[in-house]
Amino acid sequence: MRLGRRAVLGGIAAGGLAGCARVLGHGVLTSSDTHPIGYPTVEGVRRFGELLYSATGGRLDLRIYAGGQLGNERDTLEITSFGGIDFNRVNLAPLNSIEPLTIVAALPFIFSDTAHMRRVVDGPVGDAILASLEPHGLVGLCFYDSGARSFYNTRRPIHRPEDMRGLKLRVPGSDLYIAMVRSLGADAVPMPLDEVYQSLAQGVIDGAENNWPSFENGRHFEVARFYSLTRHLLAPEVFVMSKVKYDALPPADRRAVRLAAKQSVPYMRRLWDAQVEKSRAIVLASGVAVNEVDPAPFAERMTAMWDASLTTPRQRELVERILAQREVAR
Ligand code: GTR
């Protein structure tokens, strides 16, 4: 039987998944992802599940609900925080309104390249961001790659910020993203990912911004025929566990969870790099007009809004540390 989303959510609210875990066997844990099976985030989590399964001699097994079956990232994060879902793989964006420290790694143009992003999130700054989620009922386990986000739309190629004036652009539900798009003179329309294709097709929005795999995998490229490579965001994906569920595990299993998550990262990154190439090839073959963009005028406007987004000294401290790691690389 295939349960509809409403039924699944209702079931979760009523403790249905916990019941399901009991039926399936001791220790069947659940994980949510907005992307479908085969997408690198889902496959990274699958690898995590396999590693956890063997580390615990089969006591802890994982069932992934992919393709947004359990709801959008914001809703499922809330359910995860009270223990209705055990694990969740999300982008940093839906965490921005929950924990201010997540904003620092989601600032436009903060990372100079993927190597810089990986260095930061794999180090103490990344650990600090993951740890900051605990008071919100979430245990941050690891970061996955998300490539670079750029703008796409149904109307015209974007060469400079002026070309964005008046465009209605979908953003994830994050004040930071809204401010970012407004700083470029476009209208920001917050909306969950699964509504983007239809909204583009119906003209409710003119465009959105995302990385190659999401642009391709969500079929957005079939309607938005202009993809302009601003590469304004290199914010990573995050894999979290429900703190209630984590705390209920014996210490050895908690350690196994943390280790398996970290061990799944290199695998996910390999899949990610391959997926970017595959998605790029599919989009280009479809005839989408892809253009390179001089990032300077975009960076100028978008970094000017950092200040308004950084409201605590701790955020500012982490920003300094991230920027210092950029210098080290040169
Ligand atoms: C994707 C990310 C998703 C989701 C999506 C969005 O790149 O993998 O987790 O956050 O972007 O824009 O909503």
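The values are calculated or read from the model by the stated rules, or taken from the named source; none is laboratory data. Small disclaimer: the values here were computed from a predicted structure and weren't measured. Note that each Cβ is placed from the backbone with ideal geometry, even for glycine, and that neighbours are counted across all protein chains shown.
List, please: which pairs have Cβ atoms under 9 Å, are six or more places apart or on different chains, and start with a residue in the range 302-317 that is in contact (Cβ under 8 Å) with a residue 24 or more places away in the chain and end with one that is of a type in the set (Asp, Glu) and in a helix (DSSP H, G or I)?
Ser309/Asp175
Do you know which residues across the range 36-71 are within 11 Å of the ligand (Cβ to nearest atom) and on the phi > 0 side of the Ramachandran plot?
Listed by number, the list holds a single entry, Gly68.
Listed residues Asp253, Asp187, Asp247; which is away from the ligand (no atom under 14 Å from the Cβ), touching a Lys or Arg at 6+ places or on another chain (Cβ under 9 Å) and without any contact (Cβ under 8 Å) to a residue 12 or more places away in the chain?
Just a single option satisfies the conditions, and that option is Asp247.
Quick one: in the range 190-218, of everything that is more than 14 Å from the ligand (Cβ to nearest atom) and not in a helix (DSSP H, G or I), which residue is farthest from Leu167 (Cα to Cα)?
Checked the range 190-218; the qualifying residue farthest from Leu167 (Cα to Cα) is Gln202.
Going by the conditions given, is Ser174 in contact with a strand residue (DSSP E or B) (Cβ under 8 Å, 6 or more places away or on another chain), of a type in the set (S, T, N, Q) and more than 25 Å from Ala285 (Cβ to Cβ)?
Considered against the rule, which asks whether it is in contact with a strand residue (DSSP E or B) (Cβ under 8 Å, 6 or more places away or on another chain), of a type in the set (S, T, N, Q) and more than 25 Å from Ala285 (Cβ to Cβ), Ser174 comes out as yes.
Do you know which of the residues in the range 72-113 that are assigned to a strand (DSSP E or B) and closer than 21 Å to Ala148 by Cα is nearest to the ligand (Cβ to nearest atom)?
The qualifying residue nearest to the ligand (Cβ to nearest atom) is Asn91.
In the range 130-178, what count of residues is obtained for those that are within 16 Å of the ligand (Cβ to nearest atom) and under 21 Å from the mean Cα position of the chain (by Cα)?
Total satisfying the criteria: 26.
Among the residues of the range 299-308, count how many are under 14 Å from Asn96 (Cβ atoms) and either at pLDDT 95 or above or surrounded by fewer than 15 Cβ atoms within 10 Å (Cβ to Cβ) (or both).
2
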